[in-house]
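Visitor: This is the structure I have questions about; it appears just below.
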Amino acid sequence: MESSPIYRLPQDTLHQIFSSLPLRQIMICRSVCKLFHQVLTSSCFIDLISSQSPLSLIALRPPHHHHHHRHLSYLPSLHVFDPDQNQWLRFTLDFLPFRSPHPVASSPGLIYLWADSPHLSEPNKSLVVCNPLTRQFRVLPQLGSAWSRHGSVLVDSANRVMVLTELAALYFSGSNQWLKFSSNLQAKPRSPILVSESVYALCDVGSHWRSQWKLFACRITSARNCQTWTCLERPDWGDVFDILKRPRLVRGSGKRILMIGGLKSSFSLNASCSTILILRLDLETLEWDEAGRMPGEMFECFKESSKFKVFGGGDRVCFSGKRVGKLAMWDRCEGKGEWRWINMVPGSGVGDGLCRGFVFEARLTALP
């Protein structure tokens, strides 16, 4: 094969040829032969295509079964779904020299995961950032295991990282240390998200007998010494927080957030739900609108589930329910909201049977 004319082409010429391919084909070509792999993983080629459009994927977090039982051996990998090709892919994480890597969040091109240090006899979690396509990684300043058990990891497009708990938060923006500050939230933050330098979270400020959900926000720039949360309320919002059961937030496209939950059939205490509703808040105008609602025949599969999980972002949101065995997806990338099933979900029968995940924009970019 080495007598093929392609071996006589200059590397710059090969770079120009392959740079015209979309990222999906580049990834396929990397596994064709040693020459292609060497050319397509070189730093100069990665710099050349760094501005290329990413692959918009849905990544699954490993089941809690693996997260809490480190003695179980399994091949560390990241399972992702490609909605455009309607297929599952697997990125191996075997290049990471850590025990029990557990992906939890992403920023453009990068995955953030908790991992145990291989050099310590006692488990001590570190937050690691990596690119599974370039197989590069970097360890952030070390954190204790309590933060990994109780904290939510939030990352934005500028690779600012926050680990948020009910009582405190840690903030990291490229310096060599975490900044710690206390929180003044009235209750435990639910499904916090990071959008446009602000953190948004839902809090249940009601009683033990009846939930009362409110939306809170905190700007990162004002959170260096203490974390000051403000409740976002407007008179014209009406009962927007009362019509949903177990609402959760998902980062929307642009400066929008999505609030998702079961649509109550009435305002009674134990009202049943008629479907799952997606509401959208424009952060510039602070106006709500309905983005989508799950079709009745699809909701029948979730109706008997004791609880369901919501994950995704932008214009794609996935739903996982106990004993459902597949994912429901709301997809608005083509301008209109469509609902479809995702089958053959890896690991859906492990642990509690619920899938959790996040959006991953795969890119061949180097670590910051």
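Here, each number is a calculation from the coordinates, and none is a lab measurement. Just so we're clear, the structure is a prediction, and the values are computed from it rather than from any experiment. As a convention, Cβ positions derive from the backbone with ideal geometry for all residues, glycine included, and neighbour counts pool all protein chains shown.
Visitor: Under a plain spin-label model, where a point goes 7 Å from the Cα along Cα-to-Cβ, how far apart in nm are L367 and R323?
Guide: 4.5
Visitor: 7 Å from Cα along Cα→Cβ at both D94 and Q212: what's the point-to-point distance in nm?
Guide: The modelled label-to-label distance comes out at 5.6 nm.
Visitor: Just to be sure I understand: with springs between alpha-carbon atoms less than 10 Å apart, which residue in M329, M298, M259 has the highest mean-square fluctuation in the Gaussian network model of the chain?
Guide: Most flexible of the set in this elastic network: M298.
Visitor: Moving on. Calculate the translational D of the chain in whole µm² s⁻¹ from Stokes-Einstein, where the hydrodynamic radius comes from the Kirkwood formula applied to all Cα pairs, the temperature is 20 °C and the viscosity 1.002 mPa s.
Guide: Once the numbers are plugged in, D ends up at 97 µm²/s.
Visitor: So, R0 is 41 Å and r is the distance between the beta-carbons of S4 and S51; what FRET efficiency does that work out to, to 0.05?
Guide: Computed FRET efficiency for S4 and S51 comes out at 0.85.
Visitor: Taking the range 280-327, which GluC sites (Glu not before Pro) meet the DSSP loop condition and have no more than 11 other C-beta atoms within 10 Å?
Guide: Sparse-neighbourhood loop GluC sites (Glu not before Pro): E284, E304.
Visitor: If each DSSP helix of 4+ residues adds -39,500 (n - 2.57) and the sum is divided by the residues in the chain, what number results at 222 nm, nearest 500 deg cm²/dmol?
Guide: Dividing the helical sum by the residues of the chain leaves -3000 deg cm²/dmol.
Visitor: Could you tell me what fraction of 2.2 N^0.38 Å the Cα radius of gyration of the range 108-258 comes to, as a two-decimal ratio?
Guide: After normalising by residue count via 2.2 N^0.38 Å, the value is 1.14.
Visitor: Return the long-range amide H neighbours of S117 (sequence gap of 5 or more, or a different chain), with a cut-off of under 5 Å between placed amide H atoms.
Guide: N124, S126
Visitor: Within the range 260-333, which trypsin sites (Lys or Arg not before Pro) sit in a loop by DSSP and count at most 16 neighbouring Cβ atoms inside 10 Å?
Guide: K307, K322, R323, K326
Visitor: Continuing with this model, one more query. Highest GNM mean-square fluctuation, the chain, Cα pairs closer than 10 Å: which of K245, K125, K255?
Guide: K255
Visitor: Taking 7 Å along the Cα-to-C-beta vector as the label spot, tell me the E197-S182 distance in nanometres, rounded to one decimal.
Guide: Simple spin-label model gives 2.7 nm for this pair.
Visitor: At 4 °C and 1.567 mPa s, what whole-number value in µm²/s does Stokes-Einstein give for the translational diffusion of the range 5-48, with Rh from the Kirkwood sum over Cα pairs?
Guide: In µm²/s, the coefficient rounds to 124.
Visitor: Count the net charge of all other residues whose Cβ sits under 13 Å from the Cβ of L23, scoring Lys and Arg as +1 and Asp and Glu as -1.
Guide: The answer is 0.
Visitor: So if each residue of separation counts as 0.36 nm, and I subtract the Cα-Cα distance between R138 and K303, what length gain in nm does that give?
Guide: 55.1 nm
Visitor: Give the long-range amide H neighbours of R61: residues separated by 5 or more places, or on another chain, with amide H under 5 Å away, using H modelled in the peptide plane at 1.01 Å from N.
Guide: So R61 has HN proximity to R356, G357, F358.
Visitor: Still on this model: Read phi for every residue in the range 337-343 and hand back ³J(HN,Hα) as whole Hz from Karplus 6.51 cos²θ - 1.76 cosθ + 1.60, θ = phi - 60°, with x for Gly and Pro.
Guide: x, 10, 10, 7, 9, 10, 9
Visitor: Any idea what the dipole of the chain comes to, in debye rounded to 20, about its Cα centre with Lys/Arg Cβ at +1 and Asp/Glu Cβ at -1?
Guide: 800
Visitor: Continuing with this model, one more query. Over the chain, with a Gaussian network built from C-alpha contacts below 10 Å, which listed residue (G313, G151, G254) shows the highest mean-square fluctuation?
Guide: Evaluated over the chain, the most mobile residue of the options is G254.
Visitor: Something else about it: Given contacts defined as C-alpha pairs under 8 Å and at least six residues apart, what's the relative contact order of the chain, whole-number percent?
Guide: About 15 percent, as a whole number.
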